[in-house]
Each structure stands twice: as structure tokens, then as C-alpha cells.
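Here is the structure we will look at.
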Amino acid sequence: MSPDERARAERLVNAKARARFRCARIALRRLLSEYLRVPPGELALEYGEHGKPRLAFAPGSDGAGDAPPFFFNLSHSGGLALCAVGQLGEIGVDIERIRPLSYPGGLARDHLSPGERRLRSDWETPAARPEFFRIWARKESILKAAGLGLSRPLGRVDTIRGELDGRSWWLMDLFPGEGFTGAVACARRPETVRRWSWR
């Protein structure tokens, strides 16, 4: 891990959260290392205005961009993490643990688009939780792909059409494990999507 990653880990108050952050970052670096054929410790990452990580320059190049562009994103929740990598443009990924909500109806009203709210009438019930978190993961994956984090109101992201501020995104739901849901968003539709589990 880089010094800034170690510092971010140390700022987390919970020991379990620190361990999970470290594991996710180490896994990300090992994965990028395999794709790019660069030792994990030599990968230089930088962060966008809203915290999205990216390669500081194309590995194997002089920084002038003579290597193909490479995009990735990382998310973790509970004891699981998701990482997405590709070369088709900006990419975002989100994972959510499906859990009880204090004010599910209010959250649906405040954060879902009108079309999303109309998908069901029982947002107040526990039966709606998986659908709420599925939509939430889709929203965050689009916002992360756009490099915006949670700087935009979630209600502006329409996951039915895959749109944010008039721009369309390709979306795919992911089911990473029992009690979790996830999504990946990309600037362009990939020809193939390959999935691996890594323990």
C-alpha cells in the first residue's frame, strides 16, 4: 500500500474497518498488477475531485499516454469487496449489504426517481429492502463511474434508463453473495463481462 492508503486506513476508528480497507486495497493492487504486468508497489494512484481513484499515468509509458487507457473502480461493504476493471471508458461499481432501514419510505421518497418509486408500493416493508438496495447500488455505480461520488442528489440518477444529467450509462446488476447486492456502470456496453471470485 502507498503511504496515503496506509494513512487512510489508520484514520478509520474501527479495527475491523481498517482490516477490510487494507484487504480491499491490497486486492485491488494485486489485480491491477496482474492486468498491467507491473509490481503492485509500483502502481501510482491519484484521486479525482470526489475521491475516485485512477492510475496516475499509464504503466510502461512515460506518462504521455502511449499505453491503452485502463479504468477501474472499487467498493466494499461488510466483509465483501467488488472491483471492476475495463478499457471501454469510465467505470463504477458498488456493493451494498442488504440491511434493515430506519425510515425506508422516507429514503425511497427522498432518493429514488419518480419512475423508481413507482416500481412498487410497499417501500415501507422489509420485503422491499433487496429492491431498494439494488437500486441504490445502481445509483452509486453510475455516480462513481461519472467521478461524482455522492456529490449529486441520488434522485437525479435514473437507474431505469441508466441516466445521469442526460448522459446514458450501461448498467449491470451483480449478486456477490447472500445478503448483498451490487452493480457496475460503464461508459460503453462491453462485448463480454467476466466475473471471478477471489478469497
- Residue ID - farthest from GLY78 (Cα to Cα), chosen from residues in the stretch 6-30 that are out of contact with any Phe, Trp or Tyr (no Cβ under 8 Å at 6 or more places or on another chain) and aliphatic (A, V, I, L, M): ALA7
- Name the single residue, out of those in the stretch 146-159 being closer than 16 Å to PHE132 by Cβ and in contact with a strand residue (DSSP E or B) (Cβ under 7 Å, 6 or more places away or on another chain), that is modelled with the highest pLDDT. THR159
- Note on the structure: Picking from ILE142, ILE160, the residue that is part of a helix (DSSP H, G or I) and not charged (D, E, K, R) would be ILE142
- Per-region count, the stretch 79-110, residues aliphatic (A, V, I, L, M) and more than 13 Å from the chain's Cα centre (by Cα): 5
- Keeping to the stretch 87-106, report how many residues are hydrophobic (A, V, I, L, M, F, W, C) and at pLDDT 90 or above. 4
- Query: Name the pairs whose Cβ atoms lie under 6 Å apart, with the first residue in the stretch 92-105 and free of Cβ contacts under 8 Å to residues at least 24 places away in the same chain and closer than 19 Å to HIS50 by Cβ, the second among the hydrophobic types (A, V, I, L, M, F, W, C) and open to solvent by 80 Å² or more (accessible area, probe 1.4 Å), and 6 or more positions between them or separate chains?
  - Reply: none
- Scanning the stretch 174-199 for residues that are assigned to a loop (DSSP other than H, G, I, E, B) and open to solvent by less than 40 Å² (accessible area, probe 1.4 Å), which turns out nearest to ALA81 (Cα to Cα)? GLY177
- Task: Look at the stretch 145-157 and say how many of its residues are part of a loop (DSSP other than H, G, I, E, B) and more than 18 Å from SER77 (Cβ to Cβ).
- Result: 6
- Enumerate the pairs (first residue in the stretch 119-131 and among the charged types (D, E, K, R); second residue anywhere and in a loop (DSSP other than H, G, I, E, B)) with beta-carbon separation below 8 Å, excluding pairs fewer than 6 apart on the same chain, so at least 6 apart or on different chains. ARG129/ILE98; ARG129/ARG99; ARG129/PRO100; ARG129/LEU101; GLU131/LEU119; GLU131/ARG120
- Query: Out of the stretch 160-173, which residues are open to solvent by less than 30 Å² (accessible area, probe 1.4 Å) and modelled with pLDDT under 95?
  - Reply: GLY162, LEU164
- Only residues that are in a loop (DSSP other than H, G, I, E, B) and open to solvent by 40 Å² or more (accessible area, probe 1.4 Å): list them for the stretch 1-43, please. MET1, LEU12, VAL13, ASN14, ARG37, PRO39
- Item | Output for the stretch 119-139, where each listed residue is assigned to a helix (DSSP H, G or I) and open to solvent by less than 30 Å² (accessible area, probe 1.4 Å) | ALA128, PHE132, PHE133, ILE135, ALA137, LYS139
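The values are calculated or read from the model by the stated rules, or taken from the named source; none is laboratory data. Computed from a predicted model, the values in this text were never measured in an experiment. Note that each Cβ is placed from the backbone with ideal geometry, even for glycine, and that neighbours are counted across all protein chains shown. In case anyone asks, the SASA skips ligands and DNA or RNA and just uses the protein heavy atoms, side chains included. Shrake-Rupley method; radii C 1.70, N 1.55, O 1.52, S 1.80 Å.
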